[in-house]
Amino acid sequence: MRAPIGTFEDAQPATERRELLPPPVAAAVTPEMVHVDTDPAKADTADFVAAYGPELLERSANCVVVAAKRGQDVTLAACVVLSTTRVDVNGLVRRHLGARKASFATMDLAVGGTGMEYGGITPVGLPPHWPLLIDAAVADTAHVVIGSGARRGKLIVPGRTLAGLPGAVVLTGLGV
């Protein structure tokens, strides 16, 4: 199979690669999602783009876990933005979640809450009660490369599919 973007040597429907995915991701992948096998040492965006092509920078998205606090209550949420931007954590995210303070979740909290590997967290297969905030630019992209839940491999997913995931809310200006 040929991936819809990039020149990956090993691409297959993600539903045929469930054994390479963490359980929550394996349970949530759909036929329009493509898994590409990639070097786990090159999972971070800069290394990934250097290894697999600079054209993927504009087509890559990052999923980060945010901890939003209001009093003693902590809400974990996932935010998806293009890799050329950063998440507006203390502005749009904080206001949207009704929090007094918002910050990136610790690695232990992100990994423990998602069941995924740090550096590979994806919006596919997140806990269903989590808010999932997706930048409008991601939703408007034909196909984006995102983590697969593991450092080995990536998913290529239509932006509209990400916008349709459980709990997803599309926000303009999430990525700044």
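Please compute the length gained on full extension between R70 and D108, using 0.36 nm multiplied by the number of residues separating them and subtracting their Cα-Cα distance. Can you show the working numbers first?
Values: separation 38, 0.36 × 38 = 13.68 nm, distance 2.06 nm.
In short, 11.6 nm is gained.
In debye to the nearest 20, how big a dipole does the chain give about its Cα centre with +1 on each Lys and Arg Cβ and -1 on each Asp and Glu Cβ? Numbers along the way, then the final one.
On the way: 16 positive and 17 negative charges, 144 e Å.
The calculated dipole for the chain is roughly 680 debye.
With a probe of 1.4 Å, find how much accessible area the stretch 82-175 has per residue, and write the answer as a whole number in Å².
Values: 4010 Å² over 94 residues.
Per-residue accessible area for the stretch 82-175 comes out at 43 Å².
At a 1.4 Å probe, what is the % contribution of carbon and sulfur to the accessible area of the chain? Don't skip to the answer; put the middle values down first.
Numbers: 4240 of 8160 Å².
On the chain, the fraction of accessible area on carbon and sulfur atoms equals 52 percent.
Applying the Karplus parametrisation 6.51 cos²θ - 1.76 cosθ + 1.60 with θ = phi - 60° to the phi angles of the stretch 35-43, what ³J(HN,Hα) value in whole Hz is obtained for each residue in order, glycine and proline being reported as x?
9, 10, 7, 9, 5, x, 6, 10, 6
Compute the distance from the alpha-carbon center of the stretch 1-55 to that of the stretch 63-104, in whole Å.
26
Would you calculate, for the chain, the mean residue ellipticity at 222 nm contributed by helices, counting each DSSP H stretch of 4 or more residues as -39,500 (n - 2.57) and dividing by all residues, to the nearest 500? Let's see the in-between values first.
Working: 5 runs with 31 residues, N = 176.
Rounded to the nearest 500, the figure is -4000 deg cm²/dmol.
Based on the inverse mean of 1/r over its pairs of different Cα atoms, what is the Kirkwood hydrodynamic radius of the stretch 29-101, in Å?
Working: mean 1/r = 0.0695 Å⁻¹.
Value: 14.4 Å, from the Cα pair sum.
Restricting to Cα atoms and excluding each atom paired with itself, what does the Kirkwood estimate give for the stretch 73-166 in Å?
Working: mean 1/r = 0.0726 Å⁻¹.
Taking every pair of different Cα atoms in the stretch 73-166, averaging 1/r and inverting gives 13.8 Å.
Select one label from (1) 21.4; (2) 10.0; (3) 8.9: the one whose number is mean projected area of the Cα convex hull in nm² as derived from the coordinates shown.
Computing mean projected area of the Cα convex hull in nm² and matching it to (1) 21.4; (2) 10.0; (3) 8.9 gives (3).
Given a 1.4 angstrom probe, what's the average accessible area per residue across the stretch 1-73, in square angstrom? Each step should come with its number before you reach the end.
Details: 3890 Å² over 73 residues.
That works out to 53 Å² for each residue.
The values are calculated or read from the model by the stated rules, or taken from the named source; none is laboratory data. On a predicted model such as this, the values are computed, not experimentally measured, just so you know. Because the Cβ atoms are built from the backbone with ideal geometry, glycine has one as well, and the counts that use them run over all protein chains shown. Just the protein is used for accessible areas: all its heavy atoms, side chains included, with ligands, DNA and RNA removed. Shrake-Rupley method; radii C 1.70, N 1.55, O 1.52, S 1.80 Å.
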